[in-house]
Amino acid sequence: MRLKGQKIAILMESDFYEDEIFYYKHRFPEEGLETHFLTRLWGQDRITFHGHEYKVPFEVSESFEGMSDDEMRSYAAIIVPSAIVSDRLRYSEDVNKLAPATELMKRAFAEKSIVKGIICHGMWLVSAAPELVRGRPVVAHNNLIGDVRNMGAVYTDQDVVVDDDLVTARTGGHCHLFARAIIDLIVERSGAAGRDGGTASTAGTAGAAGTTATGGAAGATTTATAGTPAATGSGASMPTNVERFAASSPTTAGGAATRTAAGSGSAAPVDPSTSASAVPGRRVEANMPAAAGPVGPTPIPPAPTRPAGA
């Protein structure tokens, strides 16, 4: 397990997308990540939330309220999931104050060592603090494109976008690509890739035959130029994030897989020949409507687990 001993936090509330949350519950520990689900407990010891699609119960007993800076820095990544979680968490009793969860994200964005992951409607949580994403390439659910642009972010029509310490994804149906990007980024930052016999790939290092990763010093834009992902394992180089997305995510209209460093100016497109649609035998699952998660105008009942009016 490459990331044993490291921690990841996932924010939680009512009307979560079950497929996504239970995927994280199993996928991150598979890499050795100690996985914590955090919420606002409203003075209670624990709260049982229910999913949006199937009303599956999920108990949370850890709170992000009162979290010290040192404790926050102990997390390798903090994730804002899809569905209605962020809408619940952005509630504030005082209209002149940010919600505690938004304050947490502001603090997390100030720490470059923490990977921030925001998927689908999760972008709602930082809408009250637009400076966090202003000028940065991001993707969100199609329903939030206007929100993203109004926040000053650079909407990028791609299923997953990695911008330095920020990973964003289009919908809950892309949680597998999103999780993989976060894992890869933590591995890259921690130098943990070699613990299971592989070696971390770096910019300027060639991958498997027919695959080349080009790039330069830290902070440069990395672009996958051709071929298929490099194999992992003993003596093999790990593929970069861009190489992986080029082979596992389709190029959508107006966008290609991108990865930029903050402040680099613009995102470099991946060669379309490396997209999923161009890889023989690879099934393209991203962008399938059935996998898009809860996005329609379904009426949402008030969460029964919080105080009245919250």
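For the reader, a short list of remarks on this structure follows.
- Taken over segment 46-83, residues that are buried (at least 17 other Cβ atoms within 10 Å of the Cβ), assigned to a strand (DSSP E or B) and of a type in the set (Ser, Thr, Tyr) amount to 2.
- Per the conditions (1) hydrophobic (A, V, I, L, M, F, W, C); (2) buried (at least 17 other Cβ atoms within 10 Å of the Cβ); (3) in contact (Cβ under 8 Å) with a residue 60 or more places away in the chain; (4) not in a strand (DSSP E or B), the sole criterion not satisfied by Leu41 is (3).
- Cross-chain or 6+ apart pairs with Cβ under 7 Å, segment 11-35 first and closer than 13 Å to Val60 by Cα, then surrounded by fewer than 19 Cβ atoms within 10 Å (Cβ to Cβ) and of a type in the set (Val, Ile, Thr): Lys25/Thr35
Listed here are the residues, each with its yes/no results for (1) under 20 Å from Ile182 (Cβ atoms); (2) β-branched (Val, Ile, Thr); (3) out of contact with any His (no Cβ under 7 Å at 6 or more places or on another chain); (4) touching a residue at least 12 places away in the same chain (Cβ under 8 Å).
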residue: Gly122; (1), (2), (3), (4): yes, no, yes, yes
residue: Ala129; (1), (2), (3), (4): no, no, yes, yes
residue: Val138; (1), (2), (3), (4): yes, yes, yes, yes
residue: His141; (1), (2), (3), (4): yes, no, no, yes
residue: Asn150; (1), (2), (3), (4): no, no, yes, yes
residue: Val154; (1), (2), (3), (4): no, yes, yes, yes
residue: Asp159; (1), (2), (3), (4): yes, no, no, yes
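Read the figures in this text as sums done on the coordinates, not as results from a lab. No experiment lies behind these values; they were computed from the predicted model shown. Glycine gets a Cβ as well: all are built from the backbone with ideal geometry, and neighbour counts include every protein chain shown.
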